[in-house]
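Participant: There's a structure below that I have some questions on.
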Amino acid sequence: FPTRRSSDLLPHAQFLHRLLMPYCDQVFLSARLGQWQGTVLETLPTLVDGEDSVGPFSGILTALETYPKVKWLILACDLVHVQASLIERLLDQAHSSAIATCFRNPEYGFPEALCGLYTPKIRPFFQRAKVAKIHCPVKIVQMAGGQLIDPPDVKAVANINTPDELNLLNSAGG
């Protein structure tokens, strides 16, 4: 797992866990069974996906079904430029009537579904999507009519999975 550029070089998931704590009653990592075993992340509260894990979709559905009456702040661990100001922007701009609120991808306009606020009202959409074998949170947020808000800049919601992607983003000055 990637590490955060900081003086303590935390795994990025651990950094995000700490970042979210002031905004949430509880913060969980999502994982497949045994995914964090033997790592520093195994001590953090985790919601384990069901046996038919299909990526982030499973993590979100697990959260919605485990605590069906709460709003969920969903944040992917590959968003390496996330700061408190981005979380505050999401929470401040979310409409109380919105089924979900996500940032709009600055390049393509689709929902950044792994950086969003989900209300209990979206759970039936995820449940129907599971039956239909639609495992893409972006499509589900679109079908549900989720609210989209603009990020402050391109980097804020850029997902980075390799050192090359990080170098490319940073060199672009975005």
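Read-outs throughout are calculated quantities, based only on the coordinates presented, and are distinct from any laboratory measurement. This is a predicted model, so every value here is computed, not measured. So basically every Cβ, Gly included, is an ideal-geometry build from the backbone, and we count neighbours across all protein chains shown.
Participant: Which GluC sites (Glu not before Pro) does region 70-156 hold that lie in a coil by DSSP with at most 10 other beta carbons within 10 Å?
Facilitator: Loop-located and lightly packed - 107.
Participant: Something else about it: For the pair residue 65/residue 21, report the inter-label distance in nm, with labels modelled 7 Å from Cα in the Cβ direction.
Facilitator: Here the modelled spin labels are 3.0 nm apart.
Participant: Could I ask something else about it? Counting residues in region 19-136 as N, plug N into 2.2 N^0.38 Å and put the Cα Rg over that result.
Facilitator: Ratio of Cα Rg to 2.2 N^0.38 Å: 1.06.
Participant: Okay, moving on. Could you calculate the FRET efficiency of residue 96 with residue 161 from 1/(1 + (r/R0)^6), where r is the beta carbon distance between them and R0 is 45 Å, rounded to 0.05?
Facilitator: 0.85
Participant: Below 16 Å, Cα to Cα, which lysines can residue 69 reach? Residues fewer than 8 away in the same chain don't count.
Facilitator: 121
Participant: Using 0.36 nm times the number of residues separating residue 32 and residue 168, minus their current alpha carbon distance, what extension gain do you get?
Facilitator: Extending this stretch completely gives an extra 46.0 nm.
Participant: Just from its helices, what would the mean residue ellipticity at 222 nm be for the chain, if runs of 4 or more DSSP H residues each count -39500 (n - 2.57) and the sum is divided by every residue, rounded to the nearest 500 deg cm²/dmol?
Facilitator: Computed ellipticity for the chain at 222 nm equals -9500 deg cm²/dmol.
Participant: Sticking with this one: Hey, what did region 63-174 get for relative contact order, percent, Cα under 8 Å, at least 6 apart?
Facilitator: Relative contact order for region 63-174 comes out at 34 percent.
Participant: Over region 14-96, calculate the relative contact order: mean separation of alpha carbon pairs under 8 Å at least 6 apart, over the residue count, as a percent.
Facilitator: That works out to 22 percent.
Participant: Suppose every Lys and Arg Cβ carries +1 and every Asp and Glu Cβ carries -1, with no other charges. What dipole size does region 120-160 come out with about its Cα centre, to the nearest 20 debye?
Facilitator: Here the size comes out at about 360 debye.
Participant: Exactly which chymotrypsin sites (Phe, Trp or Tyr not before Pro) in region 73-174 are in a DSSP loop and have at most 12 other Cβ atoms within 10 Å?
Facilitator: Here the sparse-neighbourhood loop sites are 108.
Participant: Net charge within 12 Å of residue 139 by Cβ-Cβ distance, Lys/Arg positive one each and Asp/Glu negative one each, not counting residue 139 itself?
Facilitator: Cβ neighbours under 12 Å give a net charge of +2.
Participant: Please give the FRET efficiency for residue 131 paired with residue 46, using the beta carbon to beta carbon distance and R0 = 25 Å, rounded to the nearest 0.05.
Facilitator: Working from the Cβ atoms, E equals 0.45.
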